[in-house]
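Scroll down for the structure; my scribbles are underneath it.
The values are calculated or read from the model by the stated rules, or taken from the named source; none is laboratory data. Treat the numbers as computed from the prediction; the structure is a model and nothing was measured. Positions of Cβ are generated from backbone atoms using ideal geometry, with glycine treated the same way; all protein chains shown enter the neighbour counts. Remember, those area values only see protein heavy atoms, side chains included, never the ligands or the DNA or RNA. Shrake-Rupley method; radii C 1.70, N 1.55, O 1.52, S 1.80 Å.
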Amino acid sequence: MSCVTALIHQASGIRQRGPNRVITPTEVSFDTLIMTIVLTPYWSNGVQKLKVAHQPPAKPKHGLTPPTLDDETHATRCLLQLRSKDKNIEKYIYLSMLKEQDPNMFYRLCLRYMSEFTPIIYTPTVGDACLQYSHIYRRPEGLFISIKDKGNIRNVIRNWPKLDEARISVVTDGSRILGLGDLGVNGMPISIGKLSLYIAGAGIRPWSTIPICLDLGTNNQKFLDDPLYLGLRRKRAAGEEMTEFMDEFMREMSLAFPKLLVQFEDFSTDAAFLYLSRYRHQYPVFNDDIQGTGAVVLSGLINAARLSSQASGRPITDHRILFFGAGSAGVGVAMQLMSFFTLNGLSEEEARRRIWLVDSGGLVFDKRGKLAEHKKYFSRNDYEGPPITDILEIIDYVKPTALLGLSTISNAFTPSVIRLMAALNPRPIIFPLSNPVRLSECSFHDAVEHTQGTVLFASGSPFPEEEHEGRKMYPGQGNNMYIFPGLGLGSILARATSVTDSMVEASSLGLAGALTEEEHAMGLLYPRIERIREISAHIAKEVVRAAQKAGVDRSTELRKLSDQELLEFVQSKMWNP
Ligand SMILES: O=C([O-])CC(=O)C(=O)O
Ligand SMILES: [Mg+2]
């Protein structure tokens, strides 16, 4: 049993489903996919509904468009319209409308200007879009299932217009959106944003995606008091009530969409662990915050540790990793990082000893008292002293080579913290991973300045490049957006019955190995995001292979393909705008 599995205790009575019938991964030919779904909102009896057109949009008749409208110039026009807006939220709204009215143009621009678009359609602006969702709402997008639908979820799901096309759904309950807390039904834009990246980054067909927000109520009083709030005005369902709802939801999803992969997103920590362990051997499902973030950080750490060890002369297995933050993302990453050490020859126990957790009570250790279940595995039994809460004292005690922030405490890595890391290490690894930008534990600028440019840096949200003593320095973005598109695509193409730890690890190693010579020379920890399609194809190929090794693939005919053929197959399945 791997460490991830060991930590996530299996829900009792759930058996692993073996490979069963063989089905070609995508049964709809590429040509037929030229047809476009147009989600057209219309009003009837005061209720907004979705209408789906299956035909390609008719070419407008002569005279119905301006005389010299051509695609290329129009792309420039759209880009200029976007750039003319000074507020990011305005840009978000503009792009959301563009996506609805002209999806091809939206995705074409998205791919062409990836590093300009991702901070708008995704982190950090998507965080603002969530905060303001009930105010900026314009049109329905995605599927809403509320706790009031319990007992009737089947019928709600079956209202989704394209039942047979669905391949991937991002599902949130809005209980912990990025680092912003419980946003209730305002969490929908996070599901939408992730799926836009699936489409742009992995070429999943737009009409195969379902953004879902489960409205279980909210404990956000500000929202409950807001007359414009779009969700149920009740406190969040929890415990039994939530689990019954989730069981019904997952069962009905698998019945309605037999080829669908579910990505859980931004559930509060306990729920994230609970439902991942409950369903992961029964349905194809993964948790982006636990496994996706874990995989992306493992990948960045592999590349950072190599550079750090080159500078210090310390063996790779000597790294000491301190986690500041022990929620779902923190512990998820810690579990994934176990394989950093085990792949380098350490035993599970030795690997566990190289990781320290810090939560709101300070250093996590056995003698401190009662601990949340998910923290126990990493709790230290070799520390006997009084609780230590001061981060400088903790660093002084642990002497970490890598400091990872998943705390959502903005600027927790003060100049003194950064300087101490630099004093301990010739090339300190500092990853402030909290999202969005304003919750980051430190900025790239501070990290560069207070380490005299020696830092090996990755953050969850994007930061601008820095110059240090005439040298350009590039921040890594250790965001799960590098992982989930390829992990999802690979799982879908393999028609995996479940997403195994080995598939997640394969996605991580695939990403770590994707750096080009030029990117290595630039000192990058992650490939440039412009290469996302190439990276996703490579990751997907690795994930398919891992699924085959684990025996969870149903597209068994892919086993016969050589690596090159498999890569070409993956690429041939990508939708192009
Ligand atoms: O959405 C992102 O940018 C990364 C992520 O999953 C999170 O912070 O919850
Ligand atoms: Mg997330």
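Taking every pair of alpha-carbon atoms in segment 439-577, give the share separated by more than 25 Å as a whole percent. Walk me through the numbers before you get to the answer.
On the way: 3522 of 9591 pairs.
In whole percent, the share of Cα-Cα pairs in segment 439-577 beyond 25 Å is 37.
Hey, with R₀ at 30 Å, roughly what FRET efficiency would Lys370 and Asn88 work out to, going by the Cβ-Cβ distance, to 0.05?
On the way: r = 42 Å, r/R0 = 1.41.
With R0 = 30 Å, the Cβ-Cβ based efficiency is 0.10.
Greater than 22 Å separation of Cα atoms is the criterion. Which listed pairs, Lys99/Lys162; Lys162/Lys259; Lys259/Lys549; Lys150/Lys194; Lys61/Lys91, meet it?
Values: Lys99/Lys162 18 Å; Lys162/Lys259 13 Å; Lys259/Lys549 20 Å; Lys150/Lys194 26 Å; Lys61/Lys91 31 Å.
From the list (Lys99/Lys162; Lys162/Lys259; Lys259/Lys549; Lys150/Lys194; Lys61/Lys91), the Cα-Cα distance tops 22 Å for Lys150/Lys194; Lys61/Lys91.
Using packing as a proxy for protection, rank 225-231, 504-510, 92-98 so that the peptide with the highest average count of other Cβ atoms within 10 Å comes first.
Highest to lowest by the protection proxy: 504-510, 92-98, 225-231.
Once phi is turned into ³J(HN,Hα) by the Karplus curve 6.51 cos²θ - 1.76 cosθ + 1.60 with θ = phi - 60°, what whole-Hz value does each residue of segment 248-261 show in order, with x for glycine and proline?
Whole-Hz 3J(HN,Hα) from phi for segment 248-261: 5, 4, 5, 5, 5, 4, 5, 6, 6, 10, x, 9, 8, 9.
Rounded to whole Hz and in sequence order, give me ³J(HN,Hα) for segment 141-156 from the Karplus expression 6.51 cos²θ - 1.76 cosθ + 1.60, θ = phi - 60°, writing x for Gly and Pro.
Using θ = phi - 60°, the values come out as 8, x, 10, 10, 10, 10, 4, 5, 7, 3, x, 10, 4, 3, 5, 5 Hz.
Below 19 Å, Cα to Cα, which aspartates and glutamates can Lys573 reach? Residues fewer than 8 away in the same chain don't count.
Counting by Cα, and skipping residues close in sequence, Lys573 has these aspartates and glutamates nearby: Glu27, Asp31, Asp164, Glu165, Glu534, Glu542, Asp553, Glu557, Asp563, Glu565.
So, R0 is 45 Å and r is the distance between the beta-carbons of Ala238 and His62; what FRET efficiency does that work out to, to 0.05?
The calculated FRET efficiency here is 0.15.
So what are the ³J(HN,Hα) numbers for segment 368-373, from phi and the Karplus equation (6.51, -1.76, 1.60; θ = phi - 60°), rounded to whole Hz, Gly and Pro as x?
For segment 368-373, the Karplus curve yields 6, x, 4, 10, 4, 3 Hz.
Quote the relative contact order of segment 282-341 in percent (integer), defining contacts as alpha-carbon pairs under 8 Å separated by 6+ residues.
Details: 40 pairs, mean separation 33.2, N = 60.
In percent, rounded to a whole number, it is 55.
What do you get for Rg/Rh over the chain if you use C-alpha atoms and the Kirkwood form of Rh? Walk me through the numbers on the way to the answer.
Numbers: Rg = 23.3 Å, Rh = 24.4 Å.
Taking Rg over the Kirkwood Rh, I get 0.96.
Ranking request for peptides 208-214, 350-356: highest mean number of other beta-carbon atoms within 10 Å first, then the rest in descending order. Provide the component values of the computation, followed by the final result.
On the way: 208-214: 25.0, 350-356: 19.1.
Top of the packing list down: 208-214, 350-356.
In the chain, what % of DSSP beta bridges are antiparallel (nearest 5)? Before the final figure, lay out each step's value.
On the way: 12 of 46 bridges.
Bridges in the chain are about 25 percent antiparallel.
Provide Glu565, Glu557, Glu141 ordered by accessible surface of protein heavy atoms (probe 1.4 Å), highest first. List each step's numbers first, then the result.
On the way: Glu565 90, Glu557 55, Glu141 30 Å².
Result, largest first: Glu565, Glu557, Glu141.
What relative contact order, as a whole-number percentage, does the chain give when Cα pairs under 8 Å and 6 or more residues apart are counted?
Values: 1057 pairs, mean separation 88.7, N = 577.
RCO, the chain: 15 percent.
Share of the chain's accessible area from carbon and sulfur, percent, 1.4 Å?
Numbers: 12030 of 23140 Å².
With neighbouring chains kept in place, the figure for the chain is 52 percent.
In nanometres, what is the gap between the two model label sites at Asn104 and Arg154, each 7 Å from Cα along Cα-to-Cβ?
Result: 4.0 nm between the two label points.
Given the C-alpha centroids of segment 334-402 and segment 150-194, what is the distance between them in whole angstrom?
34
Please report the relative contact order for segment 176-296, taking Cα pairs under 8 Å with a sequence separation of at least 6, and give it as a percent rounded to a whole number.
Details: 111 pairs, mean separation 26.2, N = 121.
Rounded, it is 22 percent for segment 176-296.
Scaled to the compact-protein estimate 2.2 N^0.38 Å, what is the alpha-carbon radius of gyration of segment 373-451, rounded to two decimal places?
Details: Rg = 13.3 Å, N = 79, 2.2 N^0.38 = 11.6 Å.
It is 1.15.
Using a Förster distance of 56 angstrom, determine the FRET efficiency expected from the C-beta separation of Leu224 and Arg531, and round it to 0.05. All intermediate terms of the calculation are to be shown ahead of the outcome.
Values: r = 44 Å, r/R0 = 0.78.
The pair Leu224/Arg531 has a calculated efficiency of 0.80.
If you count, for each residue, the other Cβ atoms within 10 Å and average over each peptide, how do 328-334, 302-308 line up from highest to lowest?
Values: 328-334: 29.1, 302-308: 20.7.
Order by mean packing, descending: 328-334, 302-308.
Among the lysines, which fall within straight-line cross-link reach of Lys367, defined as a Cα-Cα distance under 24 Å, with same-chain neighbours fewer than 8 residues apart omitted?
Lys375, Lys376, Lys399
State log₁₀ I(q)/I(0) for segment 487-536 at q = 0.19, 0.25, 0.27 Å⁻¹ as given by the Debye formula over alpha-carbon point scatterers of equal weight, solvent excluded.
The computed values of log10 I(q)/I(0) come out as -0.67, -0.93, -1.02.
Starting from the Cα-Cα distance between Glu116 and Leu392, subtract it from 0.36 nm times their residue separation and give me the gain in nm to one decimal. Mind dumping the intermediate values first?
Values: separation 276, 0.36 × 276 = 99.36 nm, distance 3.65 nm.
Separation in residues times 0.36 nm, less the Cα-Cα distance, equals 95.7 nm.
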